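Notes follow once the structure below has been shown.
The values are calculated or read from the model by the stated rules, or taken from the named source; none is laboratory data. For clarity, every value in this text was computed on a predicted model and none was experimentally measured. Heads up, the Cβs are rebuilt from the backbone with ideal geometry, glycines too, and the neighbour counts pull from every protein chain shown.
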Amino acid sequence: MNHKIGLLTVILAFVSMAVIPALLNSQPVSAASHWCEDRTDSGSWNQGCKDGWYDHDHCKKYSPGSGEYASGYKVGWGKGSCK
């Protein structure tokens, strides 16, 4: 009986370590889209914001472009995080 309890404890600890990082992810996948679109009606700014957030979340290089897109990209980049 003690062997089964010990094995169950180990399995529970392993599953917890595997699942907790996914639960602690700061933003759901669709968060960038909703957050950026709630800030302005500018399509270019919104797209830059989403792209910046995506690029930072996926550890890509910072490449803002120019104009309103660049302004949105900078804001989105600030919301993302490379893990």
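Summed over the range 57-83, residues that are closer than 15 Å to GLN47 by Cβ, of a type outside the set (Val, Ile, Thr) and assigned to a helix (DSSP H, G or I) total 11.
Within the option set LYS61, LYS50, LYS83, being within 12 Å of the chain's Cα centre (by Cα) and modelled with pLDDT of 80 or more holds for one residue only, LYS50. Residues in the range 17-41 that are surrounded by fewer than 17 Cβ atoms within 10 Å (Cβ to Cβ), of a type in the set (Gly, Ala, Ser) and at pLDDT 70 or above: ALA31, SER33.
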